[in-house]
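The values are calculated or read from the model by the stated rules, or taken from the named source; none is laboratory data. Remember, it's a predicted structure, so these values are computed and weren't measured experimentally. When we count neighbours, we look across all protein chains shown, and the Cβ atoms used for this are built from the backbone with ideal geometry, even at glycine. Note: areas computed on protein heavy atoms with side chains; ligands, DNA, RNA excluded. Shrake-Rupley method; radii C 1.70, N 1.55, O 1.52, S 1.80 Å.
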Amino acid sequence: MARKVRVRFAPSPTGPLHMGGVRTALYNYLFARQQGGDFILRIEDTDSQRFVPGAEAYILEALKWCGITIDEGIEQGGPHAPYRQSERREIYLKYALQLVESGDAYYAFDTPEELAAIRSEFESRGETFAYNYTVRTRLATSLALSPEEVKTRLDRGDQWVIRFKMPENEEVRMHDLIRDEVVVNTSTLDDKVLYKSADALPTYHLANIVDDHLMEITHVIRGEEWLPSLPLHYLLYRAFGWSDTQPEFAHLPLLLKPGGGGKLSKRDGDKMGFPVFPLKWTSPTGEVSRGYREDGYFPEAFVNLLALLGWNPGTEQEIFSMDELIAAFSLERVSKSGAHFNPEKARWFNAQYLKARSDEELGALFLPILREHGLETTPEKAAQAAGLIKDRATFVNEFWDLSHFLFVAPTEYAPKAVSKFWKGDIPSHIVELRALLAEVNDFSQAHTEPLVHDWILSREYPMGKVMNSFRLALVGESSGPNLYSICEFIGKEETLRRLDRAIETLGIPASE
Ligand code: GLU
């Protein structure tokens, strides 16, 4: 019987989650939901030296913001609790010892000083030191020392580590769902530490394999940077006798810098002005990194753009809701090669989501911004304003700049626009226009737009110039949404007042 799909996202709380990490979580989540499986969050915090306070809470908040819901994890609990490895510490020693017993691992007693000395000795001969089959029987290991000596050292409380005894010259054949077959010769690999007596904790490799086994994980979907660890993981499953139930693996392509090659880094974001983290992060030393959330992205847009960084649906469709992603996602369509991040495209995604939101929803987001500018207005007015400008915005945080003139009359007029449009006969046409509008009672766009157009045509005035000057009077500059929609929004009195103010401030040049 096929096993129920169970995947895990297993971050180490060593800092804020990079957008690549969120993508890993997302692909795991999409796969789990599509397969009717479970999505597990496991915190891999066995490396106490790299632990960063606040990182775990950040990870949880980032996943929540993205709408990635967890079935089992540190907050939810579950049948395999606890889900934080530091709280599972007593589980791992038994497994490390099992491998020593079976001859797949051994004790090593070298102190850091001894290792440093050996390393520099190798370097002085122009060689690089690797802890592997060439040296393990000559160093302070249970493979070299007598059983009595090993016992004495253990009883005495000497510090030790347990290392995996990597087989010599064996081809390990592995299968990856994205890369197909991967073959590595073990002679290129070293004897990784699995457990350290100093802190009574396993290393990543041991804890990861033991927990994936105990938590009945069926698919490991993770970043490409873990591909070099795959042979060791295969051999660990074999050494434990768990090969039959070992998970399938899928290593996701790297996220690459916009344009050039190389991994997307935090510095690229700073340099090119885009976030690489989902949420703003303040490091323990006070360094602040911007986040997609704080920059004004909708979580749906962020999820959508991340989903397409490394996966493609095989169609032209670009806009996907989470449910659509769940339906369409497949590991087979994840690419092997790195995915270039395109900040321009990221903004485009947000603009699409913004336009798709109703005026009422956007108005509700705009209201607090208006309040920050000292304006108390109704939800209806805020929605109406949002509707007028949403096609020209990428983020809600641009709304004020795009629409302040709907709420506050201009006090200045852009000098360039003034010298370009407010000249010749045009100002006197504006005086006429003011008189015309003073007679109009229905200020809806549907009414004023044809009325003013017909009037300009009947007088044979230059349409563009009159309109630009009219706009200058209402907005203070030469851009903005449809003029008549502005008139409708601000109403008759305010329209006339603004025309009067412009006429008075800019004056009517004497006709030539
Ligand atoms: N703790 C590892 C990380 O931080 C997990 C790697 C894996 O998924 O096996 O990425």
Would you mind getting the accessible area per residue of the chain, heavy atoms of the protein chains only, 1.4 Å probe, in Å²?
-> 47
Within straight cross-link reach of residue 423, meaning Cα distance under 17 Å, which lysines are found once same-chain residues fewer than 8 apart are removed?
-> 465
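Summing Lys, Arg as +1 and Asp, Glu as -1, what charge do residues with Cβ under 12 Å from the Cβ of residue 301 carry, residue 301 excluded?
Result for the local shell: +2.
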For the range 314-365, rounded, prolate or oblate, judged on the Cα gyration tensor with a ≥ b ≥ c (square roots of eigenvalues), a/c < 1.5 rounded, else prolate if a/b > b/c?
-> oblate
Honestly the range 174-229 on the Cα gyration tensor test (a ≥ b ≥ c root eigenvalues; a/c under 1.5 rounded, otherwise a/b vs b/c for prolate or oblate) is just oblate
What aspartates and glutamates could a cross-link reach from residue 165, if we take a straight Cα to Cα line under 19 Å and drop same-chain neighbours fewer than 8 places away?
-> 101, 104, 110, 190, 191
Positive dipole terminus of the range 445-492, leading residue within 453, 463, 473 (C-beta point charges) = 473
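Using unit Cβ charges (K, R positive; D, E negative) and no other charged atoms, how large, in debye to the nearest 20, is the dipole of the chain about its Cα centre?
The dipole magnitude comes to about 500 debye.
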To the nearest 500 deg cm²/dmol, what mean residue ellipticity at 222 nm is calculated for the chain from DSSP H runs of n ≥ 4 alone, each contributing -39,500 (n - 2.57), summed and divided by the residues?
-> -14000 deg cm²/dmol
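Please compute the contact order of the chain in relative form: average sequence separation of alpha-carbon pairs under 8 Å and at least six residues apart, divided by the residue count, as a percent.
12
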For residue 345, list the lysines whose Cα falls under 25 Å from its own Cα; do not include residues on the same chain fewer than 8 positions away.
-> 64, 257, 263, 266, 271, 280, 336, 355, 390
Quick one: of the DSSP bridges fully inside the chain, what percent are antiparallel, nearest 5?
-> 55
Tell me the label-point distance for the pair residue 455, residue 238, using the 7 Å Cα-to-Cβ offset, in nm and rounded to one decimal.
-> 8.8
How do the peptides 32-41, 430-439 rank, highest first, by the average count of neighbouring beta carbon atoms within 10 Å per residue?
-> 32-41, 430-439
